[in-house]
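Please read the structure below before turning to the comments.
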Amino acid sequence: MNERNDSGDNAQLLNFPGDSVKKVYEIPYTLKLEHPFQWGEHEKKTELVFARRLKGKDLKGIQTNNIKMDDMMLMLSRLTGEARTVIEELDGIDLFAATEVLNSFLPHGPANGND
């Protein structure tokens, strides 16, 4: 099933065993910020662009069995090309929307071999 999001891009919902559903985003994906913010004197941040999917190099230094918000922010910086300080200035609503996109690139379920 396809779902239309606010930015006009398509996102596909995939069903997994146990009635769980995961949204899959088409790349490139532009996340329009609900709460844009001024960055520096002349720039306003209004969106985050995910130009590619998550790669192994994006997971370097991250303990994948215990991912913390700090890790998510680092991966967001790596995927969007935005400075870590930009990601840190996102409104909470926009940060969680961005982590939803990032989560769609991570494996579904535990990575430890258990169900």
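A short reminder: the numbers here are calculations on the coordinates, not readings from a lab. Just so we're clear, the structure is a prediction, and the values are computed from it rather than from any experiment. When we count neighbours, we look across all protein chains shown, and the Cβ atoms used for this are built from the backbone with ideal geometry, even at glycine.
Summary table
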item	result
Checking GLU89 against (1) in contact with a Ser or Thr (Cβ under 6 Å, 6 or more places away or on another chain); (2) farther than 23 Å from VAL24 by Cβ, the condition it does not meet	(1)
Residues of the range 43-89 that turn out to be surrounded by 14 or more Cβ atoms within 10 Å (Cβ to Cβ) and among the acidic types (Asp, Glu), as a count	4
